[in-house]
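Student: Have a look at this one.
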Amino acid sequence: MHTGGQPIRVVENGIPELQGATLLEKISFMKNNLDEYRKLLMGEPRGHYEMFGAIIVSPDIESCDFACIFIHNEGYATMCGDAVISLMRYAMKKGLVKNVTLPETQVNIQCPCGPVTAYVTYDGQSTGAVRFQSVPCFVFQTDLTLEVPSYGQITVDIVYGGAFYAIVSAGQYCLDIRESKVSDLRAAADATTDILRKQLELSHPETEGVSFVYGTILTDGNDDYSEEITDTMCVYAEKQVDRSPCGSGTSSRIALQYFKNKVKVNQSRTFRGPSGDVFTAKVVKEVNCGKYRAVVTEVKGHGYFCGNSTFTLEENDVTGRGFLLQ
């Protein structure tokens, strides 16, 4: 599948049973015992540097219809709104949803960052937009100044939207998010992520396993409320560029805009990713997350089916176990 051009490889079968009573235990088991399946599915020759995947497993939260493990070129993600959007259509097609209603069905998904509620338009088949409401999003730190090698002094905001991101205008690097080369934007974002991972100590007040810098989001700097489209590019994991506006990244951007008094509750904004596709997003309500003021955001986009694949690995095929080239 794809969401806004971002590939979402949904794994239906073939991975051995993941041991563990909870989703986090299943992820830990896969990391420690079955990570070769992630490398085989994400890496070449079956995948590529920018591939993303989702493995559906049983939830340990009773109210959830299913749970997801998100995989990418570096390892495992705590949240992926892109995958959630595509998986809603997949779940409806495959009968994974407990209660189907018309004209819209609510689906509860257990993600590594926590339970996420999504809504998919349904009239016997799911063909319309999907919207999901985030886990509580909050601003960890604003106006953090860094010395980024090759770029000088850069000021970023650190925001949690299911994963921790640095958010920064591309203009600070003397780059234009629509006109500059993707390679140049990737390099700037990665240099920022790299220095943050070395210097910034993160902590989430309630959720285990999410306290690390997942990536850097470059923007066009257009944060004031407007009906104009605002451009965004998320570089995450190991220099991986999200083709869509990035679901959890969009949650983070709209949350930051809210806390900087750029938007109000239920004021929608449109975000465009590198592929040219768009998500709309808004803040639904304000909540608390530990000591932080937080918000629940809603992101809307479209996911599409692309095809079906069956992969094999011959016993003596060492290269076929997965490798990556940029």
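The values are calculated or read from the model by the stated rules, or taken from the named source; none is laboratory data. Just so you know, these numbers come straight off a predicted model, no measurement behind them. Quick reminder, even Gly has a Cβ in these numbers, built from the backbone with ideal geometry, and neighbours come from all protein chains shown. Just so you know, the surface numbers come from the protein's heavy atoms only, side chains and all, with ligands and any DNA or RNA stripped out. Shrake-Rupley method; radii C 1.70, N 1.55, O 1.52, S 1.80 Å.
Student: Taking every DSSP beta bridge with both residues inside segment 1-97, roughly what % is antiparallel (nearest 5)?
Tutor: In segment 1-97, approximately 75 percent of DSSP beta bridges are antiparallel ones.
Student: Between Asn32 and Ser211, take the C-beta separation as r, use R0 = 25 Å, and let me know the FRET efficiency to the nearest 0.05.
Tutor: It comes to 0.80.
Student: Then there is this: For the chain, modelled as a GNM with alpha-carbon contacts under 10 angstrom, which of Gly209, Gly81, Gly249 fluctuates the most?
Tutor: Greatest mean-square fluctuation among the candidates belongs to Gly209.
Student: To one decimal place, what orientation-averaged projected area in nm² is obtained for the convex hull of the Cα set of segment 93-155?
Tutor: 7.4
Student: Still on this model: Calculate the translational D of segment 1-104 in whole µm² s⁻¹ from Stokes-Einstein, where the hydrodynamic radius comes from the Kirkwood formula applied to all Cα pairs, the temperature is 25 °C and the viscosity 0.890 mPa s.
Tutor: The Stokes-Einstein estimate is 170 µm²/s.
Student: Run through the DSSP bridge list for the chain and note the antiparallel percent, rounded to the nearest 5.
Tutor: Looking only at bridges with both residues in the chain, the antiparallel portion is about 80 percent.
Student: Can you give me the P(r) profile for segment 153-247? Cα pairs, bins 5 angstrom wide beginning at 0, each as a whole percent.
Tutor: 2, 13, 26, 25, 18, 10, 5, 1
Student: Tell me, what is the FRET efficiency for Ile61 and Lys39 to the nearest 0.05, using R0 = 30 angstrom and their Cβ-Cβ distance as r?
Tutor: According to the calculation, E is roughly 0.55.
Student: Here's something else I'd like to know. Once fully extended, how much extra length lies between Glu147 and Leu313, figured as 0.36 nm per residue of separation less the alpha-carbon to alpha-carbon distance?
Tutor: Extending this stretch completely gives an extra 55.2 nm.
Student: When the distances between all Cα atoms of segment 219-304 are binned every 5 Å from zero, what whole-number percent does each bin get?
Tutor: 3, 15, 26, 24, 16, 11, 4, 0
Student: Return the subset of Lys93/Lys282; Lys26/Lys181; Lys39/Lys93; Lys26/Lys264; Lys26/Lys300 for which the Cα-Cα distance in this structure is over 32 Å, preserving the input order.
Tutor: From the list (Lys93/Lys282; Lys26/Lys181; Lys39/Lys93; Lys26/Lys264; Lys26/Lys300), the Cα-Cα distance tops 32 Å for Lys26/Lys181; Lys26/Lys264.
Student: Also: Ser183 to Thr127: extension gain in nm, 0.36 nm per residue of separation minus the Cα-Cα distance?
Tutor: My answer for the length gained is 16.7 nm.
Student: Could you work out which residue, out of Gln240, Gln133, Gln267, moves most in a Gaussian network model of the chain, that is, has the largest mean-square fluctuation with Cα springs under 10 Å?
Tutor: Gln267
Student: Using a Gaussian network model on the chain with a 10 Å cutoff between Cα atoms, which of Tyr119, Tyr165, Tyr236 fluctuates the most?
Tutor: Highest fluctuation of the listed residues: Tyr119.
Student: Here is a further query. In percent, what relative contact order does the chain have, based on Cα pairs under 8 Å that are 6 or more apart in sequence?
Tutor: Once divided by the residue count of the chain, the mean separation gives 20 percent.
Student: With only alpha-carbon atoms counted, please give the Rg and Dmax of segment 87-191, in Å.
Tutor: Using the Cα atoms of segment 87-191, the pair Rg, Dmax is 19.5, 55 Å.
Student: Rounded to the nearest whole Å², what accessible area per residue is found for the chain with the 1.4 Å probe?
Tutor: For the chain, the per-residue accessible area is 44 Å².
Student: How high is the relative contact order of segment 195-240, given as a whole-number percent (alpha carbon pairs under 8 Å, six or more residues apart)?
Tutor: 31
Student: Using 0.36 nm per residue, how much length does the chain from Ser275 to Cys306 gain when fully extended, once their Cα-Cα distance is taken away?
Tutor: Extending this stretch completely gives an extra 9.6 nm.
Student: Before anything else, pin down the relative contact order of segment 75-132: Cα pairs under 8 Å, at least 6 apart, normalised by residue count, whole percent.
Tutor: Once divided by the residue count of segment 75-132, the mean separation gives 34 percent.
Student: Follow-up. Please compute the Kirkwood hydrodynamic radius of the chain from all pairs of different C-alpha atoms, in Å with one decimal.
Tutor: 19.9
Student: Just to be sure I understand: of the beta bridges DSSP finds with both ends in segment 151-249, what percent are antiparallel, rounded to 5?
Tutor: 65
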